[in-house]
Amino acid sequence: MTMKPKPQAPTSVQDWLVYVLCAGVVAWLASYVDSSLTANYATARFWDTWISSGSPLAHWAPLVAFALFTGVLLGLVIGWVFPQHVAMKVAAIAAVLQLIVAVLSAAIVTGIVLAVGLLAGALPTRTR
């Protein structure tokens, strides 16, 4: 015997405004946490143990690592807070907002990795 999924109520304008507000907060938080991590730990001696100090990889590895870590972590939080059918909507809106902010602030690679991390983190959401 299979269970029928619950029919979803039509999404109202108020629901979408809440999704956009939550996504805006997540996008801001992603930028803030990533820039804090990058400012404090991108030049730490930890990176010198496996990347030579003067190489371009020494510049890009911390940026990509911190952006991916931040994005996946916040995506998991989105997936934990919202039900499955809402989590990907909020993560997608946050990813688009993050990309817009990244283009405006000339941090395109970080914005792309943050957006991918947000979407990847929200994928394994739990069903309610």
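The values are calculated or read from the model by the stated rules, or taken from the named source; none is laboratory data. What you see is a predicted model; the values in this text were computed from it and never measured. Just the protein is used for accessible areas: all its heavy atoms, side chains included, with ligands, DNA and RNA removed. Shrake-Rupley method; radii C 1.70, N 1.55, O 1.52, S 1.80 Å.
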Completion exercise
Expressed in angstrom and rounded, the centroid-to-centroid distance over alpha carbons for segment 97-115 and segment 52-92 is 12
Practice task
For helix 108-122, report the angle its Cα long axis makes with the longest principal axis of the Cα atoms of the chain; keep it between 0 and 90° and round to the nearest 10°.
Solution key: 40
Practice task
Please tell me the relative contact order of the chain in percent, rounded to the nearest whole number, where contacts are Cα pairs under 8 Å and at least six residues apart.
Solution key: 31
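Keeping every protein chain present and rolling a 1.4 Å probe, give me the accessible area per residue for segment 73-128 in Å².
Per-residue accessible area for segment 73-128 comes out at 52 Å².
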Problem - Rounded tilt (10° steps) of 56-81 against the dominant C-alpha axis of the chain - result: 20
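Within the chain, what whole-number % of the accessible surface is contributed by carbon and sulfur, with the 1.4 Å probe and all protein chains included in the calculation?
C and S atoms contribute 73 percent here.
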Problem - Helix 13-41 axis, angle to the chain major axis (alpha carbon atoms, nearest 10°) - result: 20
Completion exercise
With every protein chain in place, the accessible area of LEU21 for a 1.4 Å probe, in Å² rounded to the nearest 10, comes to 120
Fill in the blank from the handout: By accessible area (1.4 Å), largest first, HIS59, HIS85 order as HIS59, HIS85
